[in-house]
Structures are given as structure tokens and as C-alpha cells.
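Accompanying notes for the structure given below.
The values are calculated or read from the model by the stated rules, or taken from the named source; none is laboratory data. Fair warning: this is a prediction, and the values are worked out from it, not measured in the lab. Cβ sites come from the backbone with ideal geometry, for glycine too, and all protein chains shown count toward neighbours. The protein model used for the area step is the full one, side chains on, heavy atoms only, and it has no ligands, DNA or RNA in it. Shrake-Rupley method; radii C 1.70, N 1.55, O 1.52, S 1.80 Å.
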Amino acid sequence: MNIVFASDDNYAGLLATSLLSLLEHNRSAAELNIFVFDDAIRDESKEKLEQVVTPFGRTITYLRVPTTEELTGVSFQSQRWSSTMILRLYVGSLFPKDIHRIIFLDCDVLVLDSLEPLWNIDLGDC
């Protein structure tokens with residue numbers, strides 16, 4: 001399973017809680033790839049996040065958050081929408097073509113059961 005989050009340093013604590021709930025309820029997942037779009041998460045916060053995932057034998061791959069212009073092809077600034085929020089619309093196109101499926105979770109989500117049934121839904125050609 002490919003699980004994707006996006007966070008800045010302000011949400012790193014929530015991300016840690018979400019990660020812990022994900023890992024606790026998906027221990028049996030043979031493959032669990034965790035990606036975090038990193039919007040200036042401090043090194044100290046990353047160390048704490050690593051302390052959450054390491055006991056489960058998992059790792060986090062941090063990805064750069066593209067600028068709004070890189071995502072949309074248009075230069076604009078929004079007081080309301082951050083690059084991280086706009087990223088959600090384009091997240092599917094930011095991964096290599098060999099990654100066919102991802103589950104995007106917000107940092108404030110608690111995972112209360114295995115995500116494998118969701119992951120295994122037949123999406124046909126979608």
C-alpha cells in the first residue's frame with residue numbers, strides 16, 4: 001500500500017498520531033510505503049516521526065512540495081489555499097508511472113482498522 005500525507009511543521013504532531021494509528025492497524029500489511037509531502041517540517045519533528053515508524057519496521061519517504069506554479073502551470077498567489085492544499089488535486093501526477101494507486105490521508109485522520117479492504121477495491125481501469 002502506498003500511503004501519502006502532506007504536512008508542515010505545525011501539523012507534524014497530528015501526523016505522528018495519524019501515523020501511529022495507521023501502523024497499529026496495518027501491522028500485517030506486507031508492503032506499506034509511507035510518503036510525506038514535506039512543507040518545511042523541522043528536523044526535530046522528522047526525528048520524532050521516525051521514532052513513531054521505526055518500531056514497526058517502516059520508513060518515511062519525504063517529498064518536496066512543488067510550488068503552486070509548478071503544480072498548475074500558472075503563477076498566482078492565494079491567501080486562502082496553500083501549495084499543500086492545492087497539491088491534493090495533482091498528487092496522482094507527482095508519482096512515477098509505476099505507482100498505480102495511492103491512499104491520501106489527512107494528518108488529522110485516525111485509522112481505526114486495516115486499510116487493506118480499501119486498498120483492494122477493484123477500480124477497473126480507473
*Using the Cα gyration tensor of region 63-126, with a ≥ b ≥ c the square roots of its eigenvalues, what is the shape: rounded (a/c below 1.5), prolate (a/b larger than b/c) or oblate (neither)?*
oblate
*Please give the per residue accessible area of region 1-69, computed with a probe of 1.4 Å over protein heavy atoms only, in Å².*
50 Å²
*asked:* Let's see if you can work this out: charge +1 on each Lys and Arg Cβ, -1 on each Asp and Glu Cβ, no other charges. What is the dipole magnitude of region 1-71 about its Cα centre, in debye to the nearest 20?
replied: 340 debye
*Normalised by the number of residues in region 1-97, what is the relative contact order in percent for Cα pairs under 8 Å and 6+ residues apart?*
28 percent
*Taking the Cβ of residue 37 as the center, what net charge do the other residues with Cβ under 14 Å away carry, scoring Lys and Arg +1 and Asp and Glu -1?*
-3
*Fully extended, how many nm does the chain gain between residue 27 and residue 112 (0.36 nm per residue separation, minus their Cα-Cα distance)?*
29.4 nm
*Over all pairs of distinct alpha carbons, what does the Kirkwood formula give as the hydrodynamic radius of the chain, in Å?*
15.4 Å
*Going from most exposed to least, what order do 19, 115, 14 have by accessible area with a 1.4 Å probe?*
14, 115, 19
*By the scheme Lys and Arg +1, Asp and Glu -1, what is the net charge of all other residues having a beta-carbon under 15 Å from that of residue 24?*
0
*Could you order 85, 1 by accessible surface area, starting with the largest, using a probe radius of 1.4 Å?*
85, 1
*Tell me, what is the 1.4 Å probe accessible area of residue 106, in Å² to the nearest 10?*
60 Å²
